[in-house]
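The values are calculated or read from the model by the stated rules, or taken from the named source; none is laboratory data. Since this is a predicted model, take the numbers as computed values, not measurements. Cβ atoms come from the backbone with ideal geometry, glycine included; neighbour counts cover every protein chain shown. Each accessible area value is taken on the protein alone, full model and side chains, heavy atoms only, with ligands, DNA and RNA left out. Shrake-Rupley method; radii C 1.70, N 1.55, O 1.52, S 1.80 Å.
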Amino acid sequence: MDIRALRYFVETVRTASFTQAARTLYVTQSTVSKMIRQLEEEIGTPLLIRDGHTARPTDTGRVVYERGLHILGAMRQLNAEVRETVDLRRGELEVGIPPMINLLFIPVVQAFRERHPEIRLQLREGTGQAVERLVTANELEIGATVLPVQTPSPLETLRFGSYPLAVVGPAHASWAEGKALPLSALRNEPLLLPTDDFALTRRLRQACLDAGFTPQIAAQSAHWDFLAAMAAAGLGTAILPEPLVQRLKPRGTRTARIARGGVQWEVGHIWLRDRYLSYAARAWLDTCREVLGVAPRSRRARPATPPD
């Protein structure tokens, strides 16, 4: 059914006049008459009793008029909601964020809520690999993880930060005199690492193998503050992202940075390749770019295309 023809019909019944309906709709009277005739042909029965330039609905026309009011009202509501979504005045967004990455997003979340208070933002915590699985399964539109993701993968990635790793251990650790350590300096050290569910651990295991040794893992934990506490107690050497170490400032420990030639803590956003990204997701990426200074601006004119 042609919505425009339905609108012309409803306005004609409301004003009881072809002439007045044409004036209200800013079209000619012949256009109104033509569209209503097409509507009658489509429905298969007369809808108006015509008397010169006046008109009143038939019994069938009364039904179409009443239903038409609801349909046109729903269309107006639909258009309003679409405009609000495009203008970021309504909607919701769920972002997957691993515990070790979440502290980076505190200023991002603050800026996003200030700029788009009508968007319902929900942060879903999980390890990097758990977030990757949720995005792959289409249960999350967008998430963050440690890069690179395992290949082959259906995920598109966009890096938004690269940070050095730091080692944390007791003051008597064999590497304590160094300021920038090659990863190989930890060959014989008992290591304290996040659990294998963390993408960072996946990267560290591979980096150690690339450096020519198998890591000696003394303990693992999903809580980075517990890893630092175990290092302070002399149970081993923890490897953590430097931003976390700077925030923790663990007492009674020595810290050193892993040399730039070693593994870096690279973090980025992920989403399904070739998937439509909502306006809210694009606004999130824009906010990350502006706050963190690295993610490129998305193109609002082409909402079906992920940002470059």
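Brief remarks follow.
- Whole-number percent relative contact order across the chain, with pairs defined as alpha carbons under 8 Å at least 6 apart: 19 percent
- Projected label distance in nm at D196 and I43, using a 7 Å step from Cα toward the beta-carbon: 6.8 nm
- Ligands, DNA and RNA aside, H223 has an accessible area near 120 Å² when probed at 1.4 Å.
- Amide N of segment 142-174 lying under 17 Å from the label point, which is placed 7 angstrom from the Cα of A218 along Cα→Cβ: 166-174
- Solvent exposure of the chain, expressed per residue, is 51 Å² of accessible area, with all protein chains present and a 1.4 angstrom probe.
- Sparse-neighbourhood loop sites, GluC sites (Glu not before Pro) in segment 42-146 - DSSP loop, at most 16 other Cβ within 10 angstrom: E118, E139
- Net lengthening on full extension, H70/S174 (0.36 nm per residue, minus Cα-Cα): 29.7 nm
- Gyration tensor verdict on segment 1-87 (Cα atoms; rounded if a/c is under 1.5, prolate if a/b is larger than b/c, oblate otherwise): prolate
- Rounded percent of accessible protein surface that carbon and sulfur make up, segment 1-87, 1.4 Å probe: 51 percent
- Coil-residue chymotrypsin sites (Phe, Trp or Tyr not before Pro) of segment 179-247, DSSP, other Cβ within 10 Å capped at 15: F213
- Surface composition of segment 162-265: carbon and sulfur make up 49 percent of the accessible area, probe 1.4 Å.
- Helical contribution to [θ] at 222 nm, DSSP H n ≥ 4, -39,500 (n - 2.57), averaged over the chain, rounded to 500: -12500 deg cm²/dmol
- Neighbour net charge for I97 - beta-carbon separation under 14 angstrom, K R +1, D E -1: -3
- For segment 13-103, the list of chymotrypsin sites (Phe, Trp or Tyr not before Pro) that fall in a loop by DSSP and count at most 12 other C-beta atoms within 10 angstrom reads Y26.
- Estimated at 0.36 nm per residue, the fully extended path between R247 and Y26 surpasses their Cα-Cα distance by 73.0 nm.
- Cα centroids of segment 141-175 and segment 17-81: 62 Å apart.
- Computed over the chain, the range of Cα coordinates on each principal axis works out to 103, 36, 28 Å, biggest value leading.
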